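The values are calculated or read from the model by the stated rules, or taken from the named source; none is laboratory data. All of these numbers come straight from a predicted model, not from anything done at the bench. We place every Cβ from the backbone using ideal geometry, glycine too, and count neighbours over all the protein chains shown.
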Amino acid sequence: MTLIGSSAFGATKVSFDPANNLVITGKALFPISVAVLPPVEGKTPNGESAWQEFRAAGVNFARVAPNDFWDKHGWNPEGLRVAGKYLDQLGSANIYGWMTLGDELAYVKPDDEQKQAKLKAMIEMFKDHPALGGWKGADEPQWGNMNTHGKRPPSSIATTYARVHELDPNHPVIVLQAPRGTAADNAVYDPYLDVTGMDVFPVGYPPGRHVPDWPNKEISMVGDWTKIIVEAAHGKPVWMTLQVAWSGVAGKGKTLRFPTFPQERFMTYEAIICGARGVNYFGGGHGVAQTLNERDRPLGYNWTFWERVLKPLLAEINETSPLHPALLASNSRLPVKAEGASDVEFTVREVGEQICILACKREGQTAQVTFKGLPASVTGGDVLYESPRKVEVKNGQFTDWFGPEEVHVYRLGR
């Protein structure tokens, strides 16, 4: 099954359409990414190619970083060689890579000729690779406590951003933030990025330890922070990074905890509803080795989580899913409102004669919710992924039940 055109046609050209969808060589797509990868020659438990398995399930992007390697080379000659092998493998499966610049090259100073030369060499090495989809710039610069040991001002990423685009005008620079600060705090980085987003990992013990000062400790914090970074982005695309595993659930003194399928599903849909135009799932690979069981450890990837959670979830949003056209559509201007619960979030998308409503409810109490404002011509439709459930629409409205952290996806016909 080929979901993206073959990368054999040469270097890619990336742009964004008016809905903020990524467009690669003329084709719009909803980025579905994985980060912290299997080994470069990665295999599934059945001995098949990890990259073909990812692609068949709907993954179309993968982050390539120095800490993905079994032997951590950084961006020295051997590390660059291995990175090239990763891109080759991704390209063979029609997956695009976003290449991490790393702390060494994401914060190049204007007068540091040595690092500017190293950055130039790296960009020129990979910019024409047919599997390159973008560059991952600075990691969480507004917070800075993970890798840079303190906040980095916007000026610290300006030289790298300018240099990358001088050398490679065809690929975006992606800068993700930690869930910290206000929209205004994060907005000042906008001049030096093309795509932004946040890394939000709510699942752990105690809940919400990833953002200790944020009052909402539940998984619905994903929606809180998506809204903040969408406001900060000032119209630029937002991709949200969601949890498989992270340092707060792995390692000494930590209690291992993964999102369940309903939790990962809720976080994914809430991010999309609140404005994300791409999703990235972090922490499946050997870089968090404490999360791998006996079967998966030699393979360097959490195939157990993949089989139980990610693969069935991606079936709902990938390019062959019935929902996918709506994920590429602009937000509708229909005057739809939800009544009955103040904590229901939703977005409306129109695709031809279909109207899709993606809706989720935060924690709270189970409630009946009425959606109003639909065209009079709409009489009903399906509740996707809950077959055989349907809803009947009368006088432009319908009512349905929502439990805590529940998602419903309605596909209505005019």
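The sole residue among LEU313, LEU323 that is modelled with pLDDT of 95 or more, touching a helix residue (DSSP H, G or I) at 6+ places or on another chain (Cβ under 6 Å), buried (at least 20 other Cβ atoms within 10 Å of the Cβ) and farther than 16 Å from TRP51 by Cα is LEU313. Given the condition over 30 Å from GLY284 (Cα atoms), surrounded by fewer than 18 Cβ atoms within 10 Å (Cβ to Cβ), out of contact with any helix residue (DSSP H, G or I) (no Cβ under 8 Å at 6 or more places or on another chain) and among the polar types (S, T, N, Q), answer yes or no: does some residue in region 299-306 qualify? No - not one qualifying residue is present in region 299-306. Name the single residue, out of those in region 56-107 being on the phi > 0 side of the Ramachandran plot and at pLDDT 90 or above, that is surrounded by the fewest Cβ atoms within 10 Å (Cβ to Cβ). Taking the candidates together, the pick is ASN94.
Looking at region 22-38, which of the residues that are outside any strand (DSSP E or B) and over 15 Å from VAL173 (Cα atoms) is nearest to the chain's Cα centre (by Cα)?
PHE30
Scoring ALA184 on the criteria (1) in a strand (DSSP E or B); (2) aliphatic (A, V, I, L, M); (3) under 14 Å from HIS234 (Cβ atoms) leaves a single failure, condition (1). Each residue in region 277-330 was checked for being closer than 25 Å to GLN177 by Cα, in contact with a strand residue (DSSP E or B) (Cβ under 8 Å, 6 or more places away or on another chain) and assigned to a helix (DSSP H, G or I), and 5 pass.
Residues to consider are ALA329, ALA276; find the one that is modelled with pLDDT of 95 or more, over 14 Å from VAL59 (Cα atoms) and outside the structural domain of LYS227 (by TED's automatic domain parsing). If you could, list the steps in order and put the result at the bottom.
On the way: ALA276 fails: outside the structural domain of LYS227 (by TED's automatic domain parsing).
The conditions single out ALA329.
Checking region 97-105 against the condition returns no match, with no residue being over 30 Å from TRP225 (Cα atoms), in contact (Cβ under 8 Å) with a residue 12 or more places away in the chain and within 24 Å of the chain's Cα centre (by Cα). The set of residues from region 153-181 being surrounded by fewer than 19 Cβ atoms within 10 Å (Cβ to Cβ) and of a type in the set (Lys, Arg) comprises just one member, ARG163. With respect to the conditions (1) under 15 Å from ASP400 (Cβ atoms); (2) in contact (Cβ under 8 Å) with a residue 40 or more places away in the chain; (3) surrounded by fewer than 21 Cβ atoms within 10 Å (Cβ to Cβ); (4) not charged (D, E, K, R), VAL383 falls short on a single one, namely (2).
Here is a yes/no grid of residues against (1) in the same structural domain as ALA35 (by TED's automatic domain parsing); (2) within 26 Å of the chain's Cα centre (by Cα); (3) of a type in the set (A, V, I, L, M):
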position	(1), (2), (3)
ASP112	yes, no, no
LYS120	yes, no, no
ASP128	yes, yes, no
TRP135	yes, yes, no
VAL164	yes, yes, yes
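Yes or no: region 212-224 includes at least one residue that is of a type outside the set (Lys, Arg), at pLDDT below 95 and in the same structural domain as GLY181 (by TED's automatic domain parsing).
Of region 212-224, the ones of a type outside the set (Lys, Arg) are 212-216, 218-224.
Those still in the list that are at pLDDT below 95 too: 212-213.
Then keep just the ones that are in the same structural domain as GLY181 (by TED's automatic domain parsing); that gives 212-213.
Yes - at least one qualifying residue is present in region 212-224.
Determine which member of the set ALA183, ALA138, ALA158, ALA117 is of a type in the set (A, V, I, L, M), farther than 27 Å from GLY253 by Cα, without any contact (Cβ under 8 Å) to a residue 60 or more places away in the chain and touching a Phe, Trp or Tyr at 6+ places or on another chain (Cβ under 6 Å). Going through ALA183, ALA138, ALA158, ALA117 in turn, just one is of a type in the set (A, V, I, L, M), farther than 27 Å from GLY253 by Cα, without any contact (Cβ under 8 Å) to a residue 60 or more places away in the chain and touching a Phe, Trp or Tyr at 6+ places or on another chain (Cβ under 6 Å): ALA158.
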